[in-house]
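Trainee: Got a structure for you, questions after.
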Amino acid sequence: MKFLVVGVGAVGSVFLSFLSRAKHQAIGLVKPGRHLERIKVEGIWGEFDQEVMVVDDISRLDYLPDVIIVSVKSYDTESALKEVSRLVEKGSYLLMAQNGYGNYEKAINLFGKDRVILSRIIFGAKLLEWGRVRVTVCADHVVLGSPYSSIDEAFLRRLADTLNASGIPTRYDRDVYKYLWDKILYNCALNPLGALLEAKYGQLAENPHTREIMDSIIDEAYEVLKAYKIQTFYASPQEYRKHFYQELIPPTAEHYPSMLEDIRRGKTEIDALNGSIVSLAREVGIKTPVNQAITAMIKAKESIM
């Protein structure tokens, strides 16, 4: 398979380096003027130093990729989609490998449900410096699929097998949208608090004050899910919280949220997380005071930083 990785940050560096090591045609699209010849990988998936190829202008790409992996931050999604639009029109598929709500929706609005693949990413990666990435944690496989069953299942299974064989644990699942919303709930509860308090996930779960806030974030989000008839694997916030505290947090307890690094740079994905809960709630007349307060605090910290 031929790949283009759009956004060679932490997650993009993992995809580019692992696919390159597995001898797939894979090129990274980087910002103008940037160059990269090698990526050094370390962490829980092993250590290696991989030669990679990047371009800073899409016109320099010498093949049509089968799959374009979009791994930019959510606030850069629109510009990234615009940049690759000609490739999608020629036949490339998009694989949305991002956090939060709204990225997949923007892509299908532009290109249709039959060109866009959704994924749930739940491994953690930290860009230590340009060209050096550490895989810090993995709570589950990458899950990919087509929420509307509009893409050939055999192709999706082959893509999942390709990524899995390259060293990135991946599987296909028809219920990928449920997995995405489980991750959104997870990120909404943990990321902003971890960023504001500079705390690990396990510390947030153990502290009764932050635990109360996280419970409220989840409760409000479930009101919104119910209003929009969005399904998850857990029928109630009580069921989800049991899964959240007993199964999701333990393997990631020592992990700091990526939003902590983002907030130090003055820009986060809060609008695609708690901010999206607030926006969706406002459209149907639901009040979400805790999510609204968390969103405002992150935005205040962004402006201060």
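The values are calculated or read from the model by the stated rules, or taken from the named source; none is laboratory data. Keep in mind that this is a model prediction, so the values were computed, not measured. Every residue, glycine as well, gets a Cβ built from its backbone with ideal geometry; the counts of neighbours run over all protein chains shown. The protein model used for the area step is the full one, side chains on, heavy atoms only, and it has no ligands, DNA or RNA in it. Shrake-Rupley method; radii C 1.70, N 1.55, O 1.52, S 1.80 Å.
Trainee: Tell me, yes or no, whether region 21-44 has at least one residue that is assigned by the TED database to the domain that holds residue 124, part of a helix (DSSP H, G or I) and open to solvent by less than 40 Å² (accessible area, probe 1.4 Å).
Mentor: So far as region 21-44 goes, no, none of its residues is assigned by the TED database to the domain that holds residue 124, part of a helix (DSSP H, G or I) and open to solvent by less than 40 Å² (accessible area, probe 1.4 Å).
Trainee: Here is a further query. List every residue pair whose Cβ atoms sit under 9 Å apart, with the two residues 6 or more apart in sequence or on different chains, where the first one lies in region 7-23 and is farther than 21 Å from residue 161 by Cβ and the second, anywhere, is in a helix (DSSP H, G or I) and open to solvent by less than 30 Å² (accessible area, probe 1.4 Å).
Mentor: 7/80; 8/15; 8/16
Trainee: So residue 287 ticks every box in (1) under 24 Å from residue 106 (Cα atoms); (2) open to solvent by 40 Å² or more (accessible area, probe 1.4 Å); (3) more than 16 Å from the chain's Cα centre (by Cα) but one. Which box is left unticked?
Mentor: (1)
Trainee: Same structure, new question: What residue, among those in region 122-137 that are open to solvent by less than 20 Å² (accessible area, probe 1.4 Å) and under 19 Å from residue 37 (Cβ atoms), is nearest to the chain's Cα centre (by Cα)?
Mentor: By that ranking, first place goes to 133.
Trainee: Among the residues of region 170-185, are any closer than 23 Å to residue 65 by Cα, out of contact with any strand residue (DSSP E or B) (no Cβ under 8 Å at 6 or more places or on another chain), of a type outside the set (A, V, I, L, M, F, W, C) and not in a loop (DSSP other than H, G, I, E, B)?
Mentor: No, that holds for no residue.
Trainee: Please specify each residue of region 209-232 satisfying the condition of being open to solvent by 80 Å² or more (accessible area, probe 1.4 Å), within 21 Å of residue 175 (Cβ to Cβ) and at pLDDT 95 or above. Steps first, answer last, please.
Mentor: The first filter runs over region 209-232 and keeps only residues open to solvent by 80 Å² or more (accessible area, probe 1.4 Å), leaving 209, 211-212, 223, 226, 229, 231.
Still in the running and within 21 Å of residue 175 (Cβ to Cβ): 226, 229, 231.
Within region 209-232, 226, 229 qualify.
Trainee: If a residue has to be in a helix (DSSP H, G or I), crowded, with 20+ Cβ neighbours inside 10 Å and among the β-branched types (Val, Ile, Thr) to count, how many in region 157-169 make the cut?
Mentor: Number of matching residues: 0.
Trainee: Test residue 237 against the criterion of being closer than 28 Å to residue 284 by Cβ and either among the hydrophobic types (A, V, I, L, M, F, W, C) or open to solvent by less than 40 Å² (accessible area, probe 1.4 Å) (or both), and give yes or no. Spell out the reasoning first.
Mentor: On the way: closer than 28 Å to residue 284 by Cβ: yes; either among the hydrophobic types (A, V, I, L, M, F, W, C) or open to solvent by less than 40 Å² (accessible area, probe 1.4 Å) (or both): yes.
Yes: the conditions hold for residue 237.
Trainee: Sticking with this one: Exactly one condition in (1) farther than 15 Å from residue 130 by Cα; (2) touching a helix residue (DSSP H, G or I) at 6+ places or on another chain (Cβ under 8 Å) is false for residue 25; which is it?
Mentor: (2)
Trainee: I need a count of the residues in region 52-70 that are open to solvent by 20 Å² or more (accessible area, probe 1.4 Å) and in a loop (DSSP other than H, G, I, E, B).
Mentor: 7
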